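Read through the structure below, which is laid out as structure tokens, and then see the notes.
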Amino acid sequence: MALKFTRKPGNELEKEGRSLEPTLGETEYVCPNCHRTLPESTLDAGMWVCTCGHHFRISARKRLALLTDEGSFSELFGDIESNDPLAFPGYQKKLEKARETSGEKESVVTGTASFSGIKAAVFAMTPDFMMGSMGTATGEKITRLFEYAAENSLPVVGWTVSGGARMQEGLLSLMQMAKTSGAVKKHSDRGLLYITVLTDPTTGGVTASFAMEGDIIMAEPGATVGFAGRRVVEQTTMESLPRDFQTSEFILAHGFADIITPRSDEKRLISALLGFHGETR
Amino acid sequence: MTAYDRVRTARNTSRPTTQDYITAMFTGFIELHGDRRYRDDEAIIGGLAYLGDMPVTVIGIEKGHDTIERMRRSFGAPEPEGYRKALRLMKQAEKFRRPVICFVDTSGAYCGIGAEERGQGQAIAENLMEMMTLRTPIISVLIGEGGSGGALALAVSDRVWMLENAVYSVISPEGCASILYKDASEAPKAAESLRLTAADALSFRVAERVISEEGIGTEEFYGALAGDLYEELGRLAGTEDLTEKRYQRFRSFGNYKDIK
Ligand SMILES: [Zn+2]
């Protein structure tokens, strides 16, 4: 399912290409970078990358369909979903709405898939579910996936998209940072490979946990990647920020990502990297 | 006391800080500086000390007391170098089989251009990963504010203890209020919703013990805490599968549905 933002963005992370009401026929999207209007079919044909190079945010299912071997994705832990452990104001409603817009039970989809025939455990976070925020169900799914991969000696490939730990589950969300990191470490200690692909936006508690823990860290061009929110940094430091502040290019230049890859080349590169570490070696 | 009263108490600048605990509870403290990569972050203090007759590595976030010191210590907001120094000292403790005691007191990791340039997220992530399998006992004591990932980066421990008025939260009540109510002055309301008090943390089993603040700052107070730490470290030293138990401690956190 394509991601559409017809409502006003709730915060800076939610700003993205707006969809225009379909007048006749198909929905059109406005590229937030070059402001071109693009019909859905054109975007679909081009992996949701504008001719100007802007990488649109895409849902987890679309991503898995685009970037893994056709029909190879098999879902795991798909029945796990959030509770409202703190009875937090407005959370139930927010969850219901997120489930409705995204068609997902949680902000991450987990399972196995293959890349040019090489099997891996995979996760893809989804921006249309509370901007990929990490609640305890998200943390549980990621943790179970790494445990499953460790047991079955599989590499892990994961796409991150997240506004950070989910405030509505309080301290329990915060603990998911440690829990997932522990699962990554156990998987790593078995000598297994973990590739992360940072996509727009990857911030907060997810950056400060499993997003930055890959053996190899890839990033999509122009993605926002950082720990503190841009606006918060601006307000705290009262300095003007570098133009490329907290982009994929910025973190690569500062040594925190291995490689920036356009979406069109992602699958080839992931396959090649898995090939270096696979059974066929 | 409301949740926000506790937040205010936790932030009170006259409260004892890490330095006070180190001076009062340990002997022979030798401070060790720097992350061996870039610089020394004075928001984190670390070094060697004796707890009774037990050599330990002690690390803590320091807010400072007077204004000049508070500025030097970035008001207890560590930069990536601080977390890297802490990890370096923990690895050293592992090598020389010393237990680790961490004092946590921060509104959060430092928020700035340099911190982002030098990988604040990566530094915290690495601590979470490495602390989980550190082969020596770790106890963290939250003495004031436990601000999000910046606090957790020193609290992936076998035991987490909290002072009665310490708080531990995924986001500041002000930050939460400005998202939830578009108004930071609604922080007291947000503080209630976030369940950030020591009693809340105990109820989630995120903390094992709440330390009474009766007589805080007195010799008896420090003496009792030192005694409790000594005893608990002794117990942990004899624990089999310590790191597996630490993992299971964090593994158990969550409240979700799994409908088949
Ligand atoms: Zn464009």
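The values are calculated or read from the model by the stated rules, or taken from the named source; none is laboratory data. In this text, all values refer to a predicted model and were calculated from it rather than measured experimentally. FYI the Cβ positions are ideal-geometry reconstructions off the backbone, even for glycines, and counts take in every protein chain you see. Surface areas here come from the heavy atoms of the whole protein model, side chains and all, with no ligands, DNA or RNA. Shrake-Rupley method; radii C 1.70, N 1.55, O 1.52, S 1.80 Å.
Conditions (1) in contact (Cβ under 8 Å) with a residue 40 or more places away in the chain; (2) of a type in the set (A, V, I, L, M), marked per residue:
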site	(1), (2)
A:Ala183	yes, yes
A:Pro221	yes, no
A:Glu249	no, no
A:Leu269	yes, yes
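Can you tell me which condition B:Asn255 does not meet? The list is (1) over 17 Å from B:Val160 (Cβ atoms); (2) in contact with a Ser or Thr (Cβ under 8 Å, 6 or more places away or on another chain); (3) touching a residue at least 12 places away in the same chain (Cβ under 8 Å), and all the others hold.
All conditions are met except number (3).
What about A:Gly163, is it within 30 Å of A:Gly90 (Cα to Cα), touching a Leu at 6+ places or on another chain (Cβ under 7 Å), facing chain B (nearest Cβ under 7 Å) and open to solvent by less than 50 Å² (accessible area, probe 1.4 Å)?
It is false that A:Gly163 is within 30 Å of A:Gly90 (Cα to Cα), touching a Leu at 6+ places or on another chain (Cβ under 7 Å), facing chain B (nearest Cβ under 7 Å) and open to solvent by less than 50 Å² (accessible area, probe 1.4 Å).
State the number of residues belonging to region A:25-45 that are in a loop (DSSP other than H, G, I, E, B) and either within 8 Å of the ligand (Cβ to nearest atom) or charged (D, E, K, R) (or both).
The total comes to 7.
How many of the residues in region A:228-250 are open to solvent by less than 40 Å² (accessible area, probe 1.4 Å) and either outside the structural domain of A:Met131 (by TED's automatic domain parsing) or closer than 19 Å to B:Ala153 by Cβ (or both)?
Number of matching residues: 3.
So A:Thr199 clears everything in (1) free of Cβ contacts under 8 Å to residues at least 60 places away in the same chain; (2) open to solvent by less than 10 Å² (accessible area, probe 1.4 Å); (3) within 26 Å of A:His54 (Cα to Cα); (4) more than 8 Å from chain B (Cβ to nearest Cβ) except one condition, right? Which one?
Unmet condition: (1).
Report every pair of residues separated by at least 6 positions or lying on different chains whose Cβ atoms are under 7 Å apart, first residue within region A:23-48 and of a type in the set (Gly, Ala, Ser), second part of a loop (DSSP other than H, G, I, E, B) and away from the ligand (no atom under 11 Å from the Cβ).
From residues that are of a type in the set (Gly, Ala, Ser), the pairs are A:Ser41/A:Glu26.
Any idea which of B:Ala207, B:Ala237, B:Ala201 is small (Gly, Ala, Ser), open to solvent by 20 Å² or more (accessible area, probe 1.4 Å) and in contact (Cβ under 8 Å) with a residue 24 or more places away in the chain?
None of the others qualify; the one that does is B:Ala237.
Restricting to region A:181-203, count the residues that are closer than 21 Å to A:Gly226 by Cα, part of a helix (DSSP H, G or I) and in contact with a strand residue (DSSP E or B) (Cβ under 8 Å, 6 or more places away or on another chain).
Residues that pass the stated criteria total 1.
What's the number of the only condition in (1) surrounded by 14 or more Cβ atoms within 10 Å (Cβ to Cβ); (2) modelled with pLDDT of 95 or more; (3) under 22 Å from the mean Cα position of the chain (by Cα) that A:Glu14 fails to meet?
(2)
Among the listed residues A:Gln168, A:Gln176, which satisfies the condition of being modelled with pLDDT of 95 or more, within 14 Å of chain B (Cβ to nearest Cβ), open to solvent by 10 Å² or more (accessible area, probe 1.4 Å) and not in a strand (DSSP E or B)?
The conditions single out A:Gln168.
Within region B:140-166, restricting attention to residues that are touching a Lys or Arg at 6+ places or on another chain (Cβ under 9 Å) and either among the hydroxyl-bearing types (Ser, Thr, Tyr) or free of Cβ contacts under 8 Å to residues at least 12 places away in the same chain (or both), which residue is nearest to the other protein chains (Cβ to nearest Cβ)?
Within region B:140-166, the match that is nearest to the other protein chains (Cβ to nearest Cβ) is B:Ser157.
If you scan region A:226-247, which residues turn out to be more than 8 Å from every other protein chain (Cβ to nearest Cβ) and not in a loop (DSSP other than H, G, I, E, B)?
Within region A:226-247, A:Arg230, A:Arg231, A:Glu234, A:Gln235, A:Thr247 meet the criteria.
Hey, does region A:144-159 have a residue that's out of contact with any Cys (no Cβ under 8 Å at 6 or more places or on another chain) and facing chain B (nearest Cβ under 7 Å)?
Among the residues of region A:144-159, not one is out of contact with any Cys (no Cβ under 8 Å at 6 or more places or on another chain) and facing chain B (nearest Cβ under 7 Å), which makes the answer no.
Among strands (runs of 3 or more DSSP E) lying entirely in region B:149-260, which contain 1 or more residues that are under 18 Å from the mean Cα position of the chain (by Cα)?
By residue number, B:159-163, B:167-169, B:209-211.
Anything in region B:179-190 that is at the interface with chain A (Cβ under 10 Å from one of its Cβ atoms) and surrounded by fewer than 24 Cβ atoms within 10 Å (Cβ to Cβ)? List them, or say none.
B:Ile179, B:Leu180, B:Tyr181, B:Lys189
Counting only residues that are surrounded by 24 or more Cβ atoms within 10 Å (Cβ to Cβ) and facing chain B (nearest Cβ under 7 Å), how many does region A:179-196 have?
Total satisfying the criteria: 4.
For B:Ser193, work out the one condition from (1) free of Cβ contacts under 8 Å to residues at least 24 places away in the same chain; (2) open to solvent by 40 Å² or more (accessible area, probe 1.4 Å); (3) within 14 Å of chain A (Cβ to nearest Cβ) it doesn't fulfil.
For B:Ser193, the exception is condition (2).
Looking at (1) within 14 Å of chain A (Cβ to nearest Cβ); (2) buried (at least 23 other Cβ atoms within 10 Å of the Cβ), find the lone condition where B:Phe103 falls short.
The single condition B:Phe103 does not satisfy is (1).
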